[in-house]
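Read through the structure below, which is laid out as structure tokens, and then see the notes.
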Amino acid sequence: MSPAAPAGRRALVLFSGGQDSTTCLAWALARFPHVETIGFDYGQRHRVELDCRATLRSRIVALRPGWAARLGDDHLLDVDVLKQLGASAMTDDIAIATQADGLPNTFVPGRNLLFFTLASALAYRRGLDVLVGGMSQTDYSGYPDCRDNTLKALQVALSLGIDRPLTLETPLMWRDKADAWQLAHQLGGAPLVELIRTETHTCYLNQRSTLHAWGYGCGECPACRLRAQGYRQWVARLQPTPRAIPG
Ligand code: ZN
């Protein structure tokens, strides 16, 4: 984990209601004295994730003393302009497949660039100076707007554009999905892992009828597969390794 944050920094977490952004919310609550959340309704097929947000916010603050006092307002912005821009398996009822350029058609071009731009505008209005996002370029779907260099460049552009120093923090950037479960465990122990397992939403197909060991979902879409694989790897790491008996 990075060193303790300077006193007084105020954070805005891009909070979708999924596993990664919930882990980031706990990470921010553990570091910053004031934390607000922002969510985006862009007509995503897995819109059920937005319904998870309020429950997660109300329950996460009970996990550690002091977190309730740190958690500030929630903001939900309507950005259905992304849906107007064209078909993606994330917003339209089309089968998930790989495009000619090698990216999955769940890629929504410009999505994270737009989200961070809107978050920076809100941060300007609200006097917040750290933006926290759950993007990762480890164990990911290959989206170019999740990459570290994209977000480093964006940090510079946004700070210049509002003429205030903004820091973009991405605590999961170099963590795989198993590491993300481990980070949640470090931050909030077994109760946070259980909250993430049962109350966050990841499945692209909006399926929440079956509870698996790793959480709710169809178990087949790319998002479910990544989440399930990471959970299994994390659980396997927790098992004590048998020691060789000295001969
Ligand atoms: Zn799924």
Point to revise | Cα-centred dipole magnitude for the chain, charges only on beta-carbon of K, R (+1) and D, E (-1), debye, nearest 20 | key: 720
Exercise for review: With label points built 7 Å along Cα→Cβ from the Cα atoms of ASP163 and ASP74, find their separation and express it in nm.
Suggested key: 3.5
Revision key, fill the gap. Computed over the Cα atoms of the stretch 1-115, the Rg and Dmax in Å are 16.4, 50
Exercise for review: Whole number please: convex hull volume per residue, Cα atoms of the chain, in Å³.
Suggested key: 155
Exercise for review: At 7 Å along the Cα-to-beta-carbon direction for both ARG126 and ASP139, put a label point, then send me their distance in nm to one decimal.
Suggested key: 2.9
**Study point:** R0 of 41 Å, Cβ-Cβ distance ARG59-ASP101: FRET efficiency to nearest 0.05
**Key:** 0.55
**Study point:** Sum of -39500 (n - 2.57) over DSSP H runs of 4+, divided by residues of the chain (222 nm, nearest 500)
**Key:** -13500 deg cm²/dmol
Point to revise | Semi-axes of the equivalent ellipsoid for the stretch 151-247, Cα gyration tensor, largest first, Å | key: 32, 22, 13
Revision key, fill the gap. Dividing the mean separation of Cα pairs under 8 Å (6+ apart) by the residue count of the stretch 10-202 yields a relative contact order in percent of 29
Check your understanding: When all protein chains stay in place, what accessible area (Å², nearest 10, 1.4 Å probe) is found for SER16?
Key -> 40
Point to revise | FRET efficiency for VAL235 and ASN149, using Cβ-Cβ distance with R0 set to 30 Å, rounded to 0.05 | key: 0.40
Check your understanding: Most fluctuating residue of VAL81, VAL61, VAL108 in a GNM of the chain with Cα springs under 10 Å: which is it?
Key -> VAL81
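The values are calculated or read from the model by the stated rules, or taken from the named source; none is laboratory data. The shown structure was predicted, so the numbers you read here are calculated from the model rather than taken from an experiment. Neighbour counts are summed over all protein chains in view; Cβ atoms, including those assigned to glycine, are modelled from backbone coordinates with ideal geometry. When the accessible area is computed, the model is the full protein with side chains, heavy atoms only, and any ligands, DNA or RNA have been set aside. Shrake-Rupley method; radii C 1.70, N 1.55, O 1.52, S 1.80 Å.
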